[in-house]
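Colleague: One structure is given below, represented as structure tokens, and several questions about it will come after.
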Amino acid sequence: MTMNAAGRGKTFWIGFLVIIVLIAGGVSYLASSSPDGLDSATLQGCEVSEVDGTEVLTGSCIAQHADDHALAASPLADYAIVGKDGTGGLAGVIGVIVTLAIAGGLFWLIARRRSDT
């Protein structure tokens with residue numbers, strides 16, 4: 001049984017979407033929770049301790065002068081959904097879907113504009 005070009009294209013995009021969702025949703029659980037190079041460099045000279053459930057820095061380091069990002073209270077901030085632990089995979093899937101929807105919409109608009117001229 002042979003597929004026509006439209007069928008192959010549809011199969012490709014479905015496979016592409018499944019693979020991306022699996023990567024975004026699954027690989028995020030394998031990511032390290034340890035600070036990356038930038039985080040560890042800004043923490044040099046400080047000790048991180050927890051007081052009443054809040055992280056407190058003692059000593060002298062660059063990170064003491066940091067403020068929260070303007071979007072720190074957004075629903076998908078810090079690779080989690082509303083700051084809940086264990087939701088990184090779902091946040092990744094939502095991010096992929098939103099990114100693909102925006103990119104797809106822009107490509108559709110560009111293609112439509114070109115076909116109108």
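The values are calculated or read from the model by the stated rules, or taken from the named source; none is laboratory data. Keep in mind that this is a model prediction, so the values were computed, not measured. Every residue, glycine among them, receives a Cβ derived from its backbone with ideal geometry; neighbour counts consider all protein chains shown.
A quick yes/no check of all residues on (1) over 22 Å from Leu100 (Cβ atoms); (2) out of contact with any strand residue (DSSP E or B) (no Cβ under 6 Å at 6 or more places or on another chain):
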{"residue": "Gly9", "(1), (2)": "no, yes"}
{"residue": "Gly15", "(1), (2)": "no, yes"}
{"residue": "Val18", "(1), (2)": "no, yes"}
{"residue": "Ala24", "(1), (2)": "no, yes"}
{"residue": "Ser28", "(1), (2)": "no, yes"}
{"residue": "Gln44", "(1), (2)": "yes, yes"}
{"residue": "Val51", "(1), (2)": "yes, yes"}
{"residue": "Gly59", "(1), (2)": "yes, no"}
{"residue": "Ala73", "(1), (2)": "yes, yes"}
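Colleague: Are any residues in region 59-88 surrounded by fewer than 12 Cβ atoms within 10 Å (Cβ to Cβ) and more than 16 Å from the chain's Cα centre (by Cα), and if so, which ones?
Modeller: Result: Ser60, His65, Ala66, Asp67, Asp68, Ala70.
Colleague: Something else: Quick check on region 1-23. Is at least one of its residues of a type in the set (S, T, N, Q) and surrounded by 12 or more Cβ atoms within 10 Å (Cβ to Cβ)? Let's see the steps before the verdict.
Modeller: Keep residues of region 1-23 that are of a type in the set (S, T, N, Q), which gives 2, 4, 11.
Applying the additional criterion that residues be surrounded by 12 or more Cβ atoms within 10 Å (Cβ to Cβ) yields none.
Looking through region 1-23, none of the residues is of a type in the set (S, T, N, Q) and surrounded by 12 or more Cβ atoms within 10 Å (Cβ to Cβ).
Colleague: Here's something else I'd like to know. Would you please name the residue that is modelled with the lowest pLDDT, looking only at residues in region 47-97 that are part of a strand (DSSP E or B) and assigned by TED's automatic domain parsing to the domain that holds Gly25? Spell out the reasoning first.
Modeller: Looking only at region 47-97, we keep the residues that are part of a strand (DSSP E or B), and these are 47-51, 54-59, 81, 84.
In the following step, the residues that additionally are assigned by TED's automatic domain parsing to the domain that holds Gly25 were identified as 81, 84.
Details: Ile81: 86, Lys84: 83.
By that ranking, first place goes to Lys84.
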